[in-house]
Amino acid sequence: MNFVAPLWLAAAGLVGAGVVIAHLFRSTVPPQDVLPTVSFIPESTPLTVMRSRRVSDWLMLVLRLTVVALLGLALAGAHLERRAPSNIVLVDASRAVGSMPEVVDSALNAEFPGGKFVVFDSAARIATADEVRALTRSNVRGSLSAALVVAHRLVGHARDMDRTQLVIVSPTVREEVDSAVDPLIDLWTGTLKTVRVAAARPPAAGSWEIRTSGDDPIAAALAGAPNRRVGGGVHVVRSAATAADSQWAAAGGALVVWPTNGGGLTRRAVADSQGGIATGRDVVVAQFAREFQPGPGTALVRWADGEPAATERMLGSGCVRDVAIPVDDAGDVALRESFRGIARSLLSPCGDVVNFEPVTVPSPQWQHFGETAPLRTVPRAPVDTGKLPLLLALVAALVLGVEQLLRRRVGAVT
Amino acid sequence: MLRSSAAASLVPYAELLDSLNGLTWPSQVRVRGGDPGSHRSNRLGRSPEFTEYRAYRPGDDLRRLDWKLLGRTDRLFLRIADDHAALRTSIVVDASASMRFPVEGYGKWEHACAIALGLTSVAISDGDAVGISVATAAGERAIPPRRRRDVLHDIAELFQSVKTGGEAALTGVVERLATSPRLVVITDFLGESERALGALRVAAAAGAEVFAVHVVAEAELDPPQRAFMASDPERPEFRRAMSEASRATYLEQFATWRERVAGELHAMNGNYRLTSTSEPVRDVVRRVVLGAAGAAA
């Protein structure tokens, strides 16, 4: 058991000693009697105090010492400390993994007695060694931050967190790293080690086609994209989608609805303008009029204020992507490389945009990838004592109630 | 014929009543005319008991002229004779919780009841109508004024049926009887002494003969020497510790208060008699009525 403020224990000890001393002085109230003329008696202290060598009223003494001890423990912030695991191995099982046996072998070699496995893809969970051995690769995007959160929960606020080694077995590609990864790694006070495994080969870009009329800026933006051919797996339509389009998408195609005049999209209650759009990879800084909003679904592109500008929703075996980004025919926005990157990302097959590009150094912490990072001095988080002090205080109140009850029953102040 | 239960209720007082035979309780002043009785009336009547002659003044009743004297002396004199009237007496007994002290045995309540019966007996012997009012916490219990002697039995039964306790509405009863020609209050004056004295002051101002019999217990005058926590029977939550140190102050304050109550009664021309439970009731009654006789003389 540990304490946040041990000084309170010393204070409780002093009070307890005082209680014991008080029990060596027996003070009693004289016997009661009726006297109608009591109002003529001057006010005075009714107690008669006698000193004794023996402790009076053992039961009351024990109860009072119990109350003092419980309150002392509660005020001292007593809490039971959890022991952190010796190491935590984060095992990547997302679609970014090139060879799952390699990942499993690396993970099993990294773990040592007292360690824990955290398997993650888009979500993370604690796993046993047997479960790790039986792992198969999933087809969803990995989330390293989800795994780091589980790792932090495993160590909690254990005082020996410094001794816990964090091992990341992952190809650590860009799509797995979000903005929460950096702060989560900064909070880790133990050692950090990464075992980089081979990443999966990115899926080959599918064939695509665009249905438009006249000179269209989106057609210009996509002009350099490979595999353009009629009957491709991705259809970009610059008008409202027809029933035939939806039927085609439900059969397994990826339908990108990017109407020139917002046809088929929901008009916003208030039209405004935004200073840019962004994906996880590309950012376009330009003024866009925002009159429409895409349908519900996974955000693929976001406005500068965070609202989705393009979404993807599943439809049958395929998907439909609503794009509410207006492009001015007269400007050169569509020809910028960043905009072309965003436009090409929308040509991916259904199921999110795949980005298996290895992570470049997003924070100083990652500079130590491939080796054991040194211990860092990170301010310790406040100790979470849990509910134990509150529980102790409640028990103290309960015992105090019993003491009061007994005192009234006895009818004498001792 | 008296009912057997009624007769039995007087048995404890038989010796007292015997000892009071022949005692009279004259009025201190001439009473207002009314039923014939033993007290000198403020009316000059035509009774055979001659008192004096007085020279005729215009306006006097010619029927009261002494014609024989007129014939002998040729002067006009009125023959004056005293009239006698009865004096209605109201006795108020306090039945508050403080009167039930000492709790066991003969206490202030029993003492007050015996005094009330003794005074009733003397007053009835004088031919006066006597009414009893007992002020209890539940209200007033009363027997209206009667001149018959068997009212003693009713009063004794009333006392037996009364249960003391709580805070009695003594002041209200005294205020209601303020117009009574003779008003006797038997109480310990605890609880609401100021208001009770105020009501007695009103009665005295209205012309009543006011008698206050202040009953105290021997244990109040001389509390036990040991230390104890005293509580008020009317307010049990009111408690104070009696000890050697506080005892002297208590005695002093209690005596001062009694003197103040006596002074208040004397100031309103009332009669104040302090009695403790150790004093024989016969002596208390004698002091009350003879004191009045002395004043009348």
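Among the residues of segment A:164-173, is any under 24 Å from A:T279 (Cα atoms), hydroxyl-bearing (S, T, Y) and surrounded by fewer than 17 Cβ atoms within 10 Å (Cβ to Cβ)? No; the residues of segment A:164-173 include none that is under 24 Å from A:T279 (Cα atoms), hydroxyl-bearing (S, T, Y) and surrounded by fewer than 17 Cβ atoms within 10 Å (Cβ to Cβ).
Among residues belonging to segment B:142-181 that are small (G, A, S) and on the phi < 0 side of the Ramachandran plot, point out the one that is farthest from the chain's Cα centre (by Cα). Among those that are small (G, A, S) and on the phi < 0 side of the Ramachandran plot, it is B:S161.
Could you look through segment B:135-159, keep only residues that are among the aliphatic types (A, V, I, L, M) and out of contact with any Asp or Glu (no Cβ under 7 Å at 6 or more places or on another chain), and pick out the one that is farthest from B:L117 (Cα to Cα)? Here the answer is B:A138. Of note, A:T194 does not satisfy the criterion of being part of a loop (DSSP other than H, G, I, E, B) and either in contact with a strand residue (DSSP E or B) (Cβ under 7 Å, 6 or more places away or on another chain) or not assigned by TED's automatic domain parsing to the domain that holds A:W248 (or both). Examine segment A:314-322 for a residue that is without any contact (Cβ under 8 Å) to a residue 40 or more places away in the chain and closer than 18 Å to A:I218 by Cβ, and state whether such a residue exists. Checked against the condition, which is being without any contact (Cβ under 8 Å) to a residue 40 or more places away in the chain and closer than 18 Å to A:I218 by Cβ, segment A:314-322 yields no hits at all.
Quick grid of which residues meet (1) over 24 Å from the mean Cα position of the chain (by Cα); (2) at pLDDT below 90; (3) surrounded by fewer than 18 Cβ atoms within 10 Å (Cβ to Cβ):
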site	(1), (2), (3)
B:V185	no, no, no
B:A196	no, yes, no
B:A255	no, no, yes
B:H266	no, no, yes
B:Y272	no, no, no
B:S276	no, no, yes
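With respect to (1) in a strand (DSSP E or B); (2) among the basic types (K, R); (3) free of Cβ contacts under 8 Å to residues at least 60 places away in the same chain, the lone exception for A:R153 is condition (1).
Among the residues making up segment A:109-134, none is in a strand (DSSP E or B) and among the acidic types (D, E). Residues in segment B:246-264 that are among the acidic types (D, E) and more than 9 Å from chain A (Cβ to nearest Cβ): B:E259, B:E264.
Of the numbered criteria (1) of a type outside the set (D, E, K, R); (2) touching a helix residue (DSSP H, G or I) at 6+ places or on another chain (Cβ under 8 Å); (3) outside any strand (DSSP E or B), the one B:V134 fails is (3).
For B:T120, the test of being under 16 Å from B:S9 (Cβ atoms), of a type outside the set (D, E) and modelled with pLDDT of 90 or more is passed. Filtering A:A393, A:A343 for residues that are modelled with pLDDT of 70 or more, closer than 20 Å to A:T212 by Cα and assigned to a helix (DSSP H, G or I) leaves a single hit, A:A343.
With respect to the conditions (1) at pLDDT below 90; (2) under 60 Å from the mean Cα position of the chain (by Cα), A:T66 lacks only one, and its number is (1).
Inspect all residues belonging to segment A:100-108 and state whether any of them is in a helix (DSSP H, G or I), of a type in the set (V, I, T) and either modelled with pLDDT of 90 or more or on the phi > 0 side of the Ramachandran plot (or both). The answer is yes, given that some residue of segment A:100-108 is in a helix (DSSP H, G or I), of a type in the set (V, I, T) and either modelled with pLDDT of 90 or more or on the phi > 0 side of the Ramachandran plot (or both). Pairs are defined by a Cβ separation below 9 Å, a sequence spacing of at least 6 or placement on different chains, a first member in segment B:1-30 that is at pLDDT 75 or above, and a second member that is aromatic (F, W, Y); the pairs so defined are B:S9/B:F159. May I ask you to list the residues in segment B:205-235 that are more than 8 Å from chain A (Cβ to nearest Cβ) and of a type in the set (F, W, Y)? Answer for segment B:205-235, where residues must be more than 8 Å from chain A (Cβ to nearest Cβ) and of a type in the set (F, W, Y): just B:F211. Within segment B:236-245, not a single residue is within 26 Å of the chain's Cα centre (by Cα), of a type in the set (S, T, Y) and either within 8 Å of chain A (Cβ to nearest Cβ) or crowded, with 18+ Cβ neighbours inside 10 Å (or both). Filter segment A:32-51 down to residues that are at pLDDT below 80 and either within 14 Å of chain B (Cβ to nearest Cβ) or surrounded by 12 or more Cβ atoms within 10 Å (Cβ to Cβ) (or both), then give me how many there are. Summing the residues that are at pLDDT below 80 and either within 14 Å of chain B (Cβ to nearest Cβ) or surrounded by 12 or more Cβ atoms within 10 Å (Cβ to Cβ) (or both) in segment A:32-51 gives 7.
Would a scan of segment B:193-204 turn up a residue that is within 14 Å of chain A (Cβ to nearest Cβ) and either of a type in the set (D, E, K, R) or without any contact (Cβ under 8 Å) to a residue 60 or more places away in the chain (or both)? Within segment B:193-204 (the criterion being within 14 Å of chain A (Cβ to nearest Cβ) and either of a type in the set (D, E, K, R) or without any contact (Cβ under 8 Å) to a residue 60 or more places away in the chain (or both)), the answer is yes, since at least one residue qualifies.
The values are calculated or read from the model by the stated rules, or taken from the named source; none is laboratory data. Bear in mind that the values here come from a model prediction, so they are computed numbers and not experimental data. For neighbour counting, all protein chains shown are included, and Cβ atoms are generated from backbone atoms with ideal geometry for every residue, glycine included.
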